[in-house]
Amino acid sequence: TAVIARLLLSPDKERIKEEIQKTLASHIECGNVKHPDILFFPAGEKLGIAEARKIKEHFSLKPFSAKGRAAVLEDASILTPEAQNALLKTIEELTRDALLILGASSDANFLPTVLSRCEIVRLETTGLAGGEPTTYEVYIKEIEKLLDSSFENRFEYVEKIKNKEEFLHCLVYFFRQEMLKNAYKKPDVLQFLKELLPAEQWAKQNVNIRAILEYLMLVMPKLESRV
C-alpha cells in the first residue's frame with residue numbers, strides 16, 4: 001500500500017491527541033512523542049518554511065530504534081501557505097515506514113494540493129470516562145437547539161459561551177458533517193456554509209469573535225431547512 005500523510009480533523013483537541021498516540025503506537029510501535037524517531041510540533045508552535053525543512057530532513061535520516069520515522073503537527077492549521085507548498089514534496093515522497101500526522105479542527109486553511117495528497121480522517125467524538133460528555137458533544141447538542149431558536153435566544157447563548165473560538169470550530173465542523181451526510185439540501189443552508197468557511201480565518205485575523213458569532217447566528221438557517 002502507498003504511504004500517505006494523515007490529516008486528523010476534529011474540533012475536540014483531546015480527541016486529536018488520543019488519535020495521534022494511537023496512530024503512532026500502531027505504525028511505529030511507540031506512542032511517546034518524545035521518542036527520538038518522532039519529530040513533534042505541539043499546538044501553538046510556529047509552523048513555517050523552516051519547520052517544513054526540518055520535517056524533510058527528519059525523514060531523510062534512518063530511524064534509531066523504531067521501524068520507521070514519524071513527524072506530528074498537533075495543529076497543522078497554522079501552517080503558512082509557503083510551508084504547505086514546501087511540505088508537498090515530502091508528502092509525495094514518504095518512504096514505506098514513514099508517518100506524517102497533521103491535526104486540525106477543520107480543513108479550511110489547507111491548500112487543495114495538500115488536501116488531495118492526504119488521507120483525511122474525520123474523528124468521531126465519544127464521551128469521556130464515566131459517561132461525561134465532551135465539550136464538543138455539549139456544543140453539538142446546543143447547536144441543534146439553536147437551529148430552532150429565536151435570534152434573541154441565539155444572541156443570549158453567544159454572550160454566555162466561555163470558549164467562543166472552540167464553539168466556532170464546532171459550528172464549522174457540525175455544518176460540514178451535515179453537508180457530507182446530505183442532510184442539508186436547501187439553498188439557504190448552502191449559503192450559510194459559504195459564510196462559515198471564512199469564519200475561522202476572520203477569528204485568526206483578530207476580528208472580534210463575539211461579533212463573528214452574532215453575525216453567524218443572524219444568518220444561520222432555521223430547523224425547517226434540515227430536512
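Among the trypsin sites (Lys or Arg not before Pro) within the stretch 1-86, those in coil by DSSP and having at most 13 neighbouring Cβ atoms inside 10 Å are Lys34, Lys46, Lys67. Electrostatic tally near Val114: other residues with Cβ closer than 13 Å to its Cβ, Lys and Arg +1, Asp and Glu -1, net -1.
With axes computed from alpha carbons, what is the tilt in degrees of helix 151-160 against the longest principal axis of the chain, rounded to the nearest 10 within 0 to 90? Once rounded, one gets 50 degrees.
For helix 49-60, what angle does its Cα long axis make with the longest principal axis of the chain, in degrees from 0 to 90 and rounded to 10? That works out to roughly 50 degrees.
Within the chain, the longest run free of exposed loop sites, counting GluC sites (Glu not before Pro) that sit outside DSSP helix and strand states (H, G, I, E, B) and have at most 15 other Cβ atoms within 10 Å, spans 125-227. For the stretch 7-110, the fraction of 1.4 Å probe accessible surface lying on carbon and sulfur atoms is 50 percent.
Taking a straight line from the alpha carbon of Lys162, these aspartates and glutamates sit under 15 Å away, with near neighbours fewer than eight places off in the same chain left out: Glu142, Glu214. A cut-off of 5 Å between modelled amide H atoms, ignoring neighbours fewer than 5 places along the same chain, links Leu7 with Leu102, Glu119, Ile120, Val121. Of Val172, Leu94, Asn208, whose Cα points farthest to the positive end of the dipole of the chain (charges on the beta-carbon: +1 Lys, Arg; -1 Asp, Glu; origin at the Cα centre)? Selected residue: Leu94. So for the chain, taking the charge dipole from beta-carbon charges (+1 Lys/Arg, -1 Asp/Glu), which of His27, Pro63, Val219 sits furthest toward the positive end? It is Pro63, whose Cα lies furthest towards the positive end. Pairs of Cα atoms in the stretch 11-113 fall into 5 Å distance bins, from 0 up to the last occupied one, in shares of 2, 13, 25, 25, 21, 11, 2, 0 percent. Tilt of helix 13-28 relative to the longest C-alpha principal axis of the chain, in degrees (0 to 90, nearest 10)? Approximately 30 degrees, to the nearest ten. Among the listed pairs Lys34/Lys164; Lys22/Lys46; Lys13/Lys141; Lys22/Lys164, those whose Cα-Cα separation exceeds 21 Å are Lys34/Lys164; Lys22/Lys46; Lys22/Lys164.
The values are calculated or read from the model by the stated rules, or taken from the named source; none is laboratory data. In this text, all values refer to a predicted model and were calculated from it rather than measured experimentally. With ideal geometry, Cβ positions are generated from the backbone for all residues, glycine too; neighbour counts draw on all protein chains shown. In case anyone asks, the SASA skips ligands and DNA or RNA and just uses the protein heavy atoms, side chains included. Shrake-Rupley method; radii C 1.70, N 1.55, O 1.52, S 1.80 Å.
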